[in-house]
Amino acid sequence: MMELSPPQPPRLSTINIKSQKENVVRVWGVKQKSSRRRRERQRCECKGQMGGGKMVVELVGAFNELTERMNVLSTSSSRLLFKSLKLSIPILHHLPLLPDGRSPLSKALSVALLLAHLQMDAEVISASILIQVFEAGAISIREVRERISTATAHLLNESLRVKSIPSRVEVLDDEGAAALRKFCLTYYDIRAVILDLALKLDMMRHLDYLPRYQQQMLSLQVMKIHAPLAHAVGINYLSLELEDLSFRYLFPYSYLYVDTWLRSHQTGTKSLIDIYVEELHQSLQADSILADMVDNISVKGRYKSRFSTMKKLLKDGRKPEEVNDVLGLRVILKPKSGVDMSEVGEKACYRTCEIIRSLWKEMPHRTKDYIAQPKANGYRSLHMAVDISDNGKNRPPMEIQIRTMEMDMLAVDGTASHSLYKGGLTDPEEAKRLKAIMMAAAELAALRLRDLPSAKGIEIDRNDRVFCLFDKNGDGRISIEELMEVMEELGAPGEDAREMMQLLDSNSDGSLSSDEFDTFQKQVEFMRALEDRDDEYKSMLNEKLKMAENSGLIQVYSKELGNRLAG
């Protein structure tokens, strides 16, 4: 076994829809001006290529999109995230496109959104954004520590160390990969490992631009180290996607065969699993007996991963009809509040089972009642399989799990040590110890970002968080001076603030109220939704019209369009 040395220590009714669109388009396209970066420690000075109005739009839009995905967000977390975005957005906008064709800002926000979806804290998300700025040579670890926070600088430094770990072995065999995974899990801050996993997933989603041999080398590394590591830290869906993407690049023809076979279980243009999720959810919602027991019903669906299917067909030697869990649904119920919530929850699970039997033909030999007879580790859930063959067309059985929210949380937490074991640690006691380290790191971060209790007990509305960050003196209005200060922190000239104030100040009192700023945030959300829909339509049209982006005509028109949008 190889040895590795340890790491070094408004009211919407006041403005009609037409005027909303006109205002936000004008704000988005505030006249471009050249200006020097007003940052004390910027490594290089460059001329401004984007108006201050657009940068504020980017700042507000990115902050809102990230915080909407974070279930727990304190005032200190908001400030940390806001500072990181203010520092990063102007710099990332001036960097050239990445080799995969994306802008650095687009990549940074993609990784940050993935981490927000994983419910990582503001320190991790801030580090994921700043790592793009650091790698461009525009900021140092010391500057991050001075301008953002010590903890964020520490995470940034740790993530860079984790990133370099695969280079420490010359031959990536099973023994070396296992040693590397164990080494990663012994890091003090497990959040740096999760940040690196998010970066690896983003990389694997945009690998097509590389030569074939590089795709294979990176995919082998991800398959051997990062996919098992993601499973070890309990992020199963991330692990599955890393495996599938690696499988696609390592064995493209094998992937094609498995993918085609799985797709053969779809019907028409709508995914088969989506059809069954919708059918089951509607049936459960319509049941009056179940409605008296629960406050909320969640139905999630999934296809078996391509890589897992390949293993069962080849390694386990199963026939296609013996691969039983190609389709799977999970029902999670939230019992009504009361003293007997646990008992009500169990009854709701059994009632759900009865409803499922009325929809599809149950396969009794596959039914397992882990509620009446829990597993040794405390796992509780109802498991059943149903025959979904239709109109003479044979389909693999669909597996369904039924549990309460409490059972689901216990299942996720209760299998964490087991996940570490499956992730490459052969000693169960060592897995438990590493799990304790992971939990301690997470608790320490939570304490660090926790706010002191407010004497007034006032809860800040999520929609007002950005407003409060602009309103630095806390008087309930954003003055021209406060807006100019944010503009200058973004590297834009202060004159842009006056133009933006004129556009948004509907009552012409020289400042922005919470209602006026709320209208602006709705406008930002509207414009970002249009951009997302444009990207979606572009992909669909590209596929239907067969007009590849690298064709000469598309490149010419794309350049002309880009010039018009920037003018």
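Overview of results
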{"item": "Hey, residue 238 out of contact with any strand residue (DSSP E or B) (no Cβ under 9 Å at 6 or more places or on another chain) and either of a type in the set (Ser, Thr, Tyr) or in a helix (DSSP H, G or I) (or both) or not", "result": "yes"}
{"item": "Members of region 96-149 found to be open to solvent by less than 40 Å² (accessible area, probe 1.4 Å) and small (Gly, Ala, Ser), listed by number", "result": "108, 112, 116, 122, 126, 127, 128, 137, 138, 140, 149"}
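Yes or no, residue by residue, for (1) in a helix (DSSP H, G or I); (2) within 25 Å of residue 213 (Cβ to Cβ):
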{"position": "229", "(1), (2)": "yes, yes"}
{"position": "245", "(1), (2)": "yes, yes"}
{"position": "255", "(1), (2)": "yes, yes"}
{"position": "260", "(1), (2)": "yes, no"}
{"position": "279", "(1), (2)": "yes, no"}
{"position": "298", "(1), (2)": "no, no"}
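Results for (1) at pLDDT below 70; (2) in a helix (DSSP H, G or I), shown as yes or no for each residue.
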site: 476; (1), (2): no, no
site: 497; (1), (2): no, yes
site: 506; (1), (2): no, no
site: 532; (1), (2): no, yes
site: 554; (1), (2): yes, yes
site: 561; (1), (2): yes, yes
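The values are calculated or read from the model by the stated rules, or taken from the named source; none is laboratory data. Note that the structure is predicted; figures quoted are calculated from it, not measured. Quick reminder, even Gly has a Cβ in these numbers, built from the backbone with ideal geometry, and neighbours come from all protein chains shown. Side chains are part of the model used for accessible areas, which takes the heavy atoms of the whole protein and leaves out ligands, DNA and RNA. Shrake-Rupley method; radii C 1.70, N 1.55, O 1.52, S 1.80 Å.
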